[in-house]
Amino acid sequence: MSEASVAPASARAGQTVWPQLEQLLPKVSKPIQYVGGELGAVVKDWDAATVRWALSYPDAYEVGLPNQGVQILYEVLNEQPDVLAERTYAVWPDLEALMREHGVPQFTVDAHRPVRAFDLFGISFATELGYTNMLTMLSLAGIPLDSSERDESHPIVIAGGHAAFNPEPIADFIDAAVLGDGEEAVLEITAIVREWKAEGCPGGRDELLLRLARTESVYVPRFYDVDYLPDGRIQRVLPNRADVPFRVNKRTTMDLDAWPYPKKPLVPLAETVHERYAVEIFRGCTRGCRFCQAGMITRPVRERSITTIGEMVKEGLEFSGFGEVGLLSLSSADHSEIGDICSGLADQYEGSNVSLSLPSTRVDAFNIDLAQELSRNGRRTGLTFAPEGGSERIRKVINKMVSEEDLIRTVVTAYTNGWRQVKLYFMCGLPTETDEDVLQIARLAQEVIKAGRAATGSKDIRCTVSIGGFVPKPHTPFQWAAMASPETIDNRLKLLKQAINSDRSLGRAIGYRYHDGQPSLVEGLLSRGDRRVGAVIRRVWEGGGRFDGWSEHFSYDRWMTAANEALAPGVDVAWFTTRERDENEVLPWDHLDSGLDKEWLWQDWQESLSEYEQPDCRWTPCFDCGVCPSMDTEIQIGPTGKKLLPITPVNAGLKVPS
Amino acid sequence: MTGRRPKNQPEGGQAPVVQRIRLRYAKRGPMRFTSHRDFARAFERAILRAGVPIAYSQGFTPHPKVSYASAAPTGVASEAEYLEIGLRDRVDPGELARALDAALSPGLDVLDAVEAVGGSLADRIDASAWRVELPGVTAKAARQAVDVFLAAAEVPVERLTKQGRRTLDARGPVVRLDAPQPADVTPSEVGGVPCAILDLVVRQVTPSVRPDDILSGLLVAADLELPVPPRATRIAQGALTAQGELVDPLAADRDPAVIGAPLS
């Protein structure tokens with residue numbers, strides 16, 4: 001077998017850079033993040049592996065390590081006997097400078113191997129703001145930024161994660177993108193690479209990419225040409241090769257019980273943003289909130305069964321020693337057996353000092369019942385409700401079906417059940433939004449405090465209003481919408497602040513948190529951008545742009561300057577962000593199939609404008625979004641009728657190694 | 001009802017401490033880059049993984065009963081870190097050490113465990129012994145710098161702390177500082193590069209004086225430049241004898257007769 005043609009430097013390819021790196025670590029902040037050695041980490045023999053993956057979440061270790069997607073793929077891949085997967089994260093600028101000075105390349109934290117030596121470099125993008133960090137990693141790895149300049153010795157750079165549903169802005173930098181669930185996709189890609197290598201790498205890199213593209217579920221941007229109209233809009237996107245599909249499908253992992261990962265969660269030594277064992281209790285959401293890209297692109301709903309959840313929690317806690325469990329999903333209170341899951345886990349872990357948490361966006365009393373159940377242990381988690389829109393009207397526009405009475409009643413129930421503080425989450429900059437819609441947030445918060453004081457007889461209650469900027473996303477009914485300008489957003493946020501404080505007594509009990517409009521605009525540019533936006537990303541990175549998700553590193557001016565230089569007049573930032581699209585416009589991601597029928601999306605957009613609410617297809621008839629028939633999938637929900645049994649304390653006592 | 005619960009206390013309450021155990025542990029190799037907080041988190045998880053019957057503090061957010069003796073700085077290895085835990089059930093100290101060691105990442109190693117019979121760990125520790133390797137520095141250069149440093153009455157050095165820049169005397173707390181000739185020790189020379197070694201005993205003072213402060217002092221007082229970052233290891237902690245030796249802080253627990261006894 002000729003492996004030499006894949007990696008000419010294979011003799012030294014997988015050799016650790018630890019001795020060089022070790023010299024730099026005393027000079028950087030939080031060096032432990034670069035050391036590896038976490039529980040759950042896997043180091044395999046380089047030479048014994050046929051296919052080698054470097055996996056990355058393109059942010060600092062403290063954000064990247066807890067990422068579920070990377071952890072799941074890491075474990076799935078390493079369970080294959082001939083596959084090796086290691087992880088790499090974005091290094092902070094202090095280490096980046098030292099690495100450049102001393103010639104230390106981008107490395108994996110597991111065995112400190114150069115990323116350049118791997119067959120595949122998979123990057124999971126939860127947000128577009130990680131794009132500049134990808135360029136840093138490629139550059140430090142010694143991989144050409146332009147995919148067209150790479151040869152057989154370079155890894156295949158593959159993007160995944162939700163942002164990969166429109167990878168056009170990074171089309172120049174990646175070799176491929178995978179849409180949707182990764183568990184099965186990474187194994188399929190691995191099999192293709194394994195076979196191609198076994199055959200002696202026929203046809204080189206081009207042939208390998210072609211084989212990936214032929215699966216119809218791996219998008220290889222170089223095999224598609226984009227033509228533009230004179231006015232700057234896209235005319236069409238067409239394959240430039242035979243055998244390449246016109247549209248690329250997303251992947252859907254149907255049976256979550258068959259994929260109970262992570263089984264061995266990574267337990268970091270460094271402090272990270274989430275210190276808990278997280279179990280995904282279902283995937284997908286059909287609540288139909290029109291702003292929510294995650295809810296649209298992850299359909300249909302697929303539940304993990306109560307029994308698998310129970311086993312995962314037990315084994316995950318025993319393995320990791322975490323003191324907290326998070327029951328995650330897009331709307332966890334919607335699991336068909338969530339009541340039994342919560343009470344079952346609360347029984348099992350009573351008196352153990354393990355805390356259980358259930359992030360949920362639902363606004364109803366059921367949420368409070370569940371939180372009560374989970375806090376039986378003594379540890380009370382925070383309560384967050386997400387009405388998302390301040391006025392009844394705007395909530396109809398976004399399809400977040402909750403009435404004002406419901407919201408007030410729910411929050412008051414929380415107060416009367418002993419919660420002294422609740423968090424309310426809203427968005428600003430939604431389609432059709434007026435100043436008045438946003439000002440309603442203040443009135444709502446004041447009503448909540450008034451009613452809470454009346455019901456509890458106490459002044460010792462608070463609520464925090466937290467506002468996020470709305471960014472229209474691809475594959476949602478709002479993909480055609482105009483984004484509000486940062487000035488509009490900032491002005492509404494200012495008016496809202498004044499309105500909250502207009503009554504001093506009530507205002508004192510209301511906390512107010514918000515983000516400025518500027519970062520949202522950049523996110524908007526990257527979310528709905530096309531291949532022309534790649535030049536902006538490159539210019540920002542060349543100008544020093546790093547860690548754009550961090551306010552202390554983000555520079556709006558740098559982005560705007562770069563956009564002015566790199567984009568053609570007329571097709572500027574405003575054209576990509578604050579411009580409303582019409583029905584016939586070819587969108588940059590139209591050739592990427594999330595399963596959603598574009599006609600249905602348009603119809604839902606129109607219904608949004610007429611304030612028509614669309615119920616959930618789990619409990620009402622199918623509304624023909626298109627996902628199930630086009631992807632050959634179906635809703636998978638319980639109830640199974642099973643219960644969580646008490647854990648028999650067989651493991652009580654010290655676990656002394658034999 | 002035997003009495004009123006204090007205000008703002010949750011019902012139930014936590015089981016009392018029935019046994020206290022003191023551990024000696026090491027921070028080795030790459031794990032020397034753990035900060036004290038990193039170690040503390042890893043240790044609390046190891047307690048859960050190992051099934052240790054740890055006792056918790058009272059209150060709405062109960063904390064496991066773990067208390068640490070002064071921790072080696074981030075980036076400094078150690079063969080002699082100490083902590084004490086409170087347990088709600090009795091265990092065999094040897095088994096506890098093995099269970100915790102297995103539950104911690106390699107490089108964070110539990111070396112010893114004894115049941116505490118009294119006193120406090122802090123009272124039995126007033127100095128530390130360190131070994132510092134200086135790659136790229138000859139033993140002769142190190143010796144000369146040490147001689148100049150020791151001859152000074154005071155060596156003021158600056159350190160950046162969270163409160164800003166502050167000056168402290170690096171000379172005062174130094175009980176012993178040697179740069180043994182290569183014949184005395186086995187220097188870890190890599191590919192013909194010289195590597196001097198410093199043996200150092202420093203009294204615990206406030207603010208603490210650490211190996212990097214001594215190295216700053218050698219630079220300030222004697223122009224000793226380090227081409228490559230040094231590697232420091234804490235070798236021991238304990239009570240300082242008149243002869244400048246350190247007494248194992250767990251010795252008194254192992255053999256209660258030693259408590260208060262003159263140190264040999």
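From the list B:A151, B:A221, B:A141, exactly one residue is over 26 Å from B:E81 (Cα atoms), among the aliphatic types (A, V, I, L, M) and surrounded by fewer than 16 Cβ atoms within 10 Å (Cβ to Cβ). Which is it?
B:A151
Among what's in the stretch B:95-109 and is open to solvent by less than 40 Å² (accessible area, probe 1.4 Å) and not hydrophobic (A, V, I, L, M, F, W, C), pick the residue that is modelled with the lowest pLDDT.
B:S105
Could you identify the single residue in A:A278, A:A294 that is under 17 Å from the mean Cα position of the chain (by Cα), in a strand (DSSP E or B) and not basic (K, R)?
On the way: A:A294 fails: in a strand (DSSP E or B).
Criteria check complete, one pass: A:A278.
Of everything in the stretch B:37-58 that's over 14 Å from B:A103 (Cβ atoms) and within 7 Å of chain A (Cβ to nearest Cβ), which residue is surrounded by the fewest Cβ atoms within 10 Å (Cβ to Cβ)?
B:R37
Kindly check whether there is at least one residue in the stretch A:307-319 that is surrounded by 22 or more Cβ atoms within 10 Å (Cβ to Cβ), more than 14 Å from chain B (Cβ to nearest Cβ), modelled with pLDDT under 95 and part of a helix (DSSP H, G or I).
Scanning the stretch A:307-319 turns up no residue that is surrounded by 22 or more Cβ atoms within 10 Å (Cβ to Cβ), more than 14 Å from chain B (Cβ to nearest Cβ), modelled with pLDDT under 95 and part of a helix (DSSP H, G or I).
Kindly list, by first and then second residue, each pair from a residue in the stretch A:21-50 that is at the interface with chain B (Cβ under 8 Å from one of its Cβ atoms) and touching a residue at least 40 places away in the same chain (Cβ under 8 Å) to a residue that is in a helix (DSSP H, G or I) and among the polar types (S, T, N, Q), limited to pairs with Cβ atoms under 9 Å and residues at least 6 apart or on different chains.
As it stands, the answer is A:L39/A:S320, since those pairs meet every condition given.
Just checking, does the stretch B:13-31 include any residue being within 12 Å of B:V66 (Cβ to Cβ), open to solvent by 50 Å² or more (accessible area, probe 1.4 Å) and within 9 Å of chain A (Cβ to nearest Cβ)?
no
Take the residues in the stretch A:61-114 that are free of Cβ contacts under 8 Å to residues at least 12 places away in the same chain and among the acidic types (D, E), then tell me which one is farthest from A:I156 (Cα to Cα).
Going through the qualifying residues, I end up with A:E101.
Residues A:R211, A:R150, A:R194: which one is basic (K, R), open to solvent by 10 Å² or more (accessible area, probe 1.4 Å), over 18 Å from A:R87 (Cβ atoms) and without any contact (Cβ under 8 Å) to a residue 24 or more places away in the chain?
When all the criteria are applied, what remains is A:R211.
Specify the residue that is farthest from the other protein chains (Cβ to nearest Cβ); the eligible residues are those in the stretch A:269-302 that are under 18 Å from A:N67 (Cα atoms) and small (G, A, S).
So the residue we want is A:G284.
For the stretch A:377-400, name all the residues that are more than 14 Å from chain B (Cβ to nearest Cβ) and either farther than 30 Å from A:L345 by Cβ or more than 25 Å from the chain's Cα centre (by Cα) (or both).
A:G389, A:G390, A:S391, A:E392, A:R393, A:I394, A:R395, A:K396, A:V397, A:I398, A:N399 - these are the residues of the stretch A:377-400 that are more than 14 Å from chain B (Cβ to nearest Cβ) and either farther than 30 Å from A:L345 by Cβ or more than 25 Å from the chain's Cα centre (by Cα) (or both).
If a residue must be open to solvent by 10 Å² or more (accessible area, probe 1.4 Å) and assigned to a helix (DSSP H, G or I), how many such residues does the stretch A:508-520 contain?
The total comes to 3.
Within the stretch A:120-128, does at least one residue satisfy the condition of being over 22 Å from A:D548 (Cβ atoms) and open to solvent by less than 30 Å² (accessible area, probe 1.4 Å)?
Within the stretch A:120-128, one or more residues are over 22 Å from A:D548 (Cβ atoms) and open to solvent by less than 30 Å² (accessible area, probe 1.4 Å).
For the stretch A:606-658: of the residues being of a type in the set (S, T, N, Q) and within 14 Å of chain B (Cβ to nearest Cβ), which is most open to solvent (accessible area, probe 1.4 Å)? I'd like the intermediate steps shown before the answer.
First, the residues of the stretch A:606-658 that are of a type in the set (S, T, N, Q): A:606, A:608, A:610, A:614, A:620, A:630, A:633, A:636, A:640, A:648, A:651, A:658.
Checking the rest, the ones that are also within 14 Å of chain B (Cβ to nearest Cβ) come to A:651, A:658.
Details: A:N651: 70, A:S658: 159 Å².
The selected residue is A:S658.
Tell me yes or no: at least one residue of the stretch A:470-480 is in a helix (DSSP H, G or I) and open to solvent by 10 Å² or more (accessible area, probe 1.4 Å). I'd like the intermediate steps shown before the answer.
Within the stretch A:470-480, the subset in a helix (DSSP H, G or I) is A:477-480.
Those still in the list that are open to solvent by 10 Å² or more (accessible area, probe 1.4 Å) too: none.
No, the stretch A:470-480 has no match at all.
Would you mind finding the one in A:K598, A:K497 that is surrounded by 15 or more Cβ atoms within 10 Å (Cβ to Cβ) and within 22 Å of A:F426 (Cβ to Cβ)?
On inspection, the qualifying residue turns out to be A:K497.
Report yes if some residue within the stretch B:135-151 is in a strand (DSSP E or B), more than 14 Å from chain A (Cβ to nearest Cβ) and farther than 14 Å from B:Y25 by Cβ; otherwise report no.
Scanning the stretch B:135-151, I find no residue that is in a strand (DSSP E or B), more than 14 Å from chain A (Cβ to nearest Cβ) and farther than 14 Å from B:Y25 by Cβ, so the answer is no.
Listed residues B:G119, B:G136; which is more than 28 Å from B:L83 (Cβ to Cβ), among the small types (G, A, S) and either open to solvent by less than 70 Å² (accessible area, probe 1.4 Å) or in contact with a helix residue (DSSP H, G or I) (Cβ under 9 Å, 6 or more places away or on another chain) (or both)?
Working: B:G119 fails: more than 28 Å from B:L83 (Cβ to Cβ).
Of the residues listed, the single one that is more than 28 Å from B:L83 (Cβ to Cβ), among the small types (G, A, S) and either open to solvent by less than 70 Å² (accessible area, probe 1.4 Å) or in contact with a helix residue (DSSP H, G or I) (Cβ under 9 Å, 6 or more places away or on another chain) (or both) is B:G136.
Among the residues of the stretch A:339-376, which ones are farther than 18 Å from A:R276 by Cβ and within 24 Å of the chain's Cα centre (by Cα)?
Once the filter is applied, which keeps residues that are farther than 18 Å from A:R276 by Cβ and within 24 Å of the chain's Cα centre (by Cα), the stretch A:339-376 yields A:T361, A:R362, A:V363, A:N367.
Could you give me the residue pairs with C-beta distances under 7 Å whose first residue belongs to the stretch B:89-116 and is over 16 Å from B:V66 (Cα atoms) and facing another protein chain (nearest Cβ under 7 Å), whose second residue is open to solvent by 10 Å² or more (accessible area, probe 1.4 Å) and part of a strand (DSSP E or B) wherever it lies, and which are 6+ apart or on separate chains?
From the stretch B:89-116, the pairs are B:S105/A:L39.
Here is a list of conditions, (1) touching a helix residue (DSSP H, G or I) at 6+ places or on another chain (Cβ under 6 Å); (2) at positive phi; (3) not small (G, A, S), and A:K655 meets all of them except one; can you say which number that is?
(2)
Kindly indicate the residue of the stretch B:200-213 that is touching a residue at least 60 places away in the same chain (Cβ under 8 Å) and surrounded by fewer than 17 Cβ atoms within 10 Å (Cβ to Cβ) and also nearest to B:V157 (Cα to Cα) among those meeting that condition. Spell out the reasoning first.
Step one: filter the stretch B:200-213 for residues touching a residue at least 60 places away in the same chain (Cβ under 8 Å), giving B:200-204, B:208, B:210-212.
Among the residues that remain, those that are also surrounded by fewer than 17 Cβ atoms within 10 Å (Cβ to Cβ) are: B:203-204, B:208.
On the way: B:R203: 17, B:Q204: 17, B:S208: 12 Å.
Taking the candidates together, the pick is B:S208.
Cβ contacts < 6 Å: first residue in a strand (DSSP E or B), restricted to the stretch A:217-229; second residue of a type in the set (K, R), any location; separation 6+ or different chain. Result?
A:V226/A:R531; A:D227/A:R236
Would you check if A:I156 is surrounded by fewer than 22 Cβ atoms within 10 Å (Cβ to Cβ) and of a type in the set (V, I, T)?
The answer is no for A:I156.
The values are calculated or read from the model by the stated rules, or taken from the named source; none is laboratory data. Please read all numbers here as calculations on a predicted model, not as lab measurements. Note that we place each Cβ from the backbone using ideal geometry, even for glycine, and neighbour counts take in every protein chain shown. Note: areas computed on protein heavy atoms with side chains; ligands, DNA, RNA excluded. Shrake-Rupley method; radii C 1.70, N 1.55, O 1.52, S 1.80 Å.
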